[in-house]
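Participant: Structure below; questions to follow.
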Amino acid sequence: MHEKNEINGNGENRNILIYSDKTASFDLGADHPFKPSRAKQMMELLARYSLMYEKNQMVIPPEPITDEQLYLFHDPSYIELLKKAGSGDFTIDMLSAGLGTEDNPIVPGLADYCFSAAGGTIQGAIMLANNEARVVFNPLGGFHHAGPDHAEGFCYINDLAVAIEELTRRGKRVAYIDIDVHFGNGVRDAFASRNDVLCVSIHESGMSIYPWSGCVEYIGEGAGRGYTVNIPLMQGSDDGVFLYAFEAIVPPLIEQFKPDIVVSVIGADTHKDDLLGHLNLTSIGYERTIRIINRLSPRLLITGGGGYNLYKTAALWTLAWAIVCGLEPEDAYAGLIGGMMYGPEAHSGTLRDQPFIVSGHLKEQCTEYAQDMVAYLKRNLFPIHGLT
Ligand SMILES: [Zn+2]
């Protein structure tokens with residue numbers, strides 16, 4: 001990756017990866033499923049597959065988010081609690097703010113980690129707003145569950161809500177596309193009554209997974225009615241079902257909305273081998289979805305989000321980075337990292353998966369469910385945007 005002063009590309013075609021070993025080395029605890037180290041694994045794969053040596057690519061470390069930026073979305077009293085928690089000072093009121101729970105433990109260095117991981121997303125948003133890049137990827141960001149006054153779902157700081165607020169204050173029209181397996185409830189709540197942000201989330205139905213919400217019927221309120229788009233899918237849905245729903249709904253809406261910048265959470269927990277999600281995507285569906293998002297985005301801010309099969313997450317993010325940079329990874333080096341097999345042997349030969357197609361009754365149920373969701377949105381939401 002090139003240093004900043006060596007970059008030849010201009011802002012129209014520059015692709016920026018925001019990363020630091022220090023932030024990626026943070027550990028929420030041995031038993032905690034959220035591993036920032038996935039980003040480090042991705043960096044190793046990018047090097048192995050020669051996906052970081054183009055002149056228009058650069059890697060920069062995240063700058064910590066400032067208090068002023070945090071307050072664009074978060075309550076100052078919550079930020080104070082998070083800072084106190086980060087210095088190891090536990091008080092009982094932290095629990096009611098979601099701090100010190102099993103999902104959101106308090107560990108040494110927590111606040112610094114949160115501020116760096118989130119800071120990268122805001123930094124990326126500002127670079128895009130200033131035309132300094134075409135794509136920015138912060139694999140350490142994407143905390144779509146955090147609320148203004150609380151942590152939840154492994155998310156302490158809602159970097160996405162802050163970044164989108166920052167962009168709209170700069171006069172940008174923002175579309176948010178969340179393909180993480182979990183519904184992006186924190187971001188939805190932030191913009192549900194606004195029509196300058198189009199908020200799209202495709203996710204496993206809240207009937208079977210946290211945060212137990214994200215139903216199709218909720219389409220925003222007040223001026224924002226029609227600008228919240230939820231596409232829940234039944235657990236078990238595969239590439240075909242996911243792509244059917246995504247392609248039917250997302251491209252027409254984004255093309256009609258005409259965003260200046262797309263902000264996306266590309267969580268890899270939709271993968272069939274994920275430890276928390278119950279969808280059945282492979283790299284085939286994931287790649288195609290990333291290609292569509294990339295095509296729809298004049299400028300693109302992508303964040304890592306979830307992904308609890310560590311090797312698969314690193315591999316899918318690697319593919320995503322390759323796609324947004326217009327590169328084609330060649331699977332010549334297998335998964336050999338430092339002379340050791342990297343990940344389960346079955347996965348180590350390639351970044352990509354074999355096709356996996358659900359069949360029988362489950363496939364019928366998943367398909368019918370997705371068809372119902374698509375029909376509902378076409379009937380109730382498309383007309384608000386002048387679409388049929
Ligand atoms: Zn997730």
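Participant: Give me the distance between the Cα centres of the range 148-188 and the range 8-66, rounded to whole Å.
Facilitator: The range 148-188 and the range 8-66 have Cα centres separated by 20 Å.
Participant: Please give the calculated 222 nm ellipticity per residue for the chain, where each DSSP H segment of at least 4 residues contributes -39500 (n - 2.57) and the sum is spread over every residue; nearest 500 deg cm²/dmol?
Facilitator: So the helix-based figure for the chain works out to -11500 deg cm²/dmol.
Participant: Show me 254-262, 36-44, 161-169, 310-318 ranked by packing, highest mean number of other Cβ atoms within 10 Å first.
Facilitator: 310-318, 161-169, 36-44, 254-262
Participant: How many nm separate the modelled label positions at T388 and F356, each set 7 Å beyond the Cα in the direction of the Cβ?
Facilitator: For the pair T388/F356, the computed spacing is 4.1 nm.
Participant: With a/c under 1.5 counting as rounded, go ahead and sort the chain into rounded, prolate or oblate using the C-alpha gyration tensor (a ≥ b ≥ c being the square roots of the eigenvalues; past the cut-off, prolate if a/b is larger than b/c, else oblate).
Facilitator: Because its axes are fairly even, with a/c under 1.5, the chain counts as rounded.
Participant: Determine the per residue accessible area of the chain with all protein chains present and a 1.4 angstrom probe, expressed in square angstrom.
Facilitator: Per-residue value: 38 Å².
Participant: Turning to a different aspect of this structure: What does the net charge come to around D103 if you take all other residues with beta carbon closer than 13 Å to its beta carbon, with K and R at +1 and D and E at -1?
Facilitator: Neighbour charge sum, excluding D103 itself: -3.
Participant: Let me ask another. Given the peptides 193-199, 143-149, 213-219, arrange them by the average over their residues of other C-beta atoms within 10 Å, most packed first.
Facilitator: Most protected by this proxy first, the peptides run 143-149, 193-199, 213-219.
Participant: Return, ordered by residue number, the residues of the range 255-272 whose backbone nitrogen is under 11 Å from a label point located 7 Å along Cα→Cβ of R170.
Facilitator: 261
Participant: So, one more: Relative contact order, percent, of the chain when contacts are C-alpha pairs under 8 Å separated by at least 6 residues?
Facilitator: Computed value for the chain: 17 percent relative contact order.
Participant: How do S264, S77 stack up against each other in accessible area, from largest to smallest, with a 1.4 angstrom probe?
Facilitator: Result of the area sort, largest leading: S77, S264.
Participant: Another question, then. Where the centroid of each part is defined by its Cα atoms, how far is the range 189-265 from the range 95-127 in Å?
Facilitator: 25
Participant: Name the helices (complete DSSP H segments) of the chain with a Cα length along the long axis of 24 Å or more and a Kyte-Doolittle mean of at least 0.0, or state none.
Facilitator: Counting only whole DSSP H runs, the qualifying helices are 110-129, 239-257.
Participant: While we're on this one: What is the percent carbon and sulfur in the accessible area of the chain, measuring with a 1.4 Å probe over the protein chains and ignoring ligands?
Facilitator: 51
Participant: Still on this structure, please answer the following. Taking K and R as +1 and D and E as -1, what net charge do the other residues with C-beta under 11 Å from the C-beta of I202 add up to?
Facilitator: Result for the neighbourhood of I202: -4.
Participant: Tell me the label-point distance for the pair R291, Q256, using the 7 Å Cα-to-Cβ offset, in nm and rounded to one decimal.
Facilitator: Simple spin-label model gives 2.6 nm for this pair.
Participant: Sticking with this structure for a sec: Cβ under 13 Å from L167's Cβ, L167 left aside: what net charge do those residues give with Lys, Arg +1 and Asp, Glu -1?
Facilitator: +1
The values are calculated or read from the model by the stated rules, or taken from the named source; none is laboratory data. Predicted model, so just to flag it, every value in this text is computed and none were measured. A quick note on method: Cβ atoms are made from the backbone with ideal geometry, for glycine too, and the neighbour counts reach across all protein chains shown. Remember, those area values only see protein heavy atoms, side chains included, never the ligands or the DNA or RNA. Shrake-Rupley method; radii C 1.70, N 1.55, O 1.52, S 1.80 Å.
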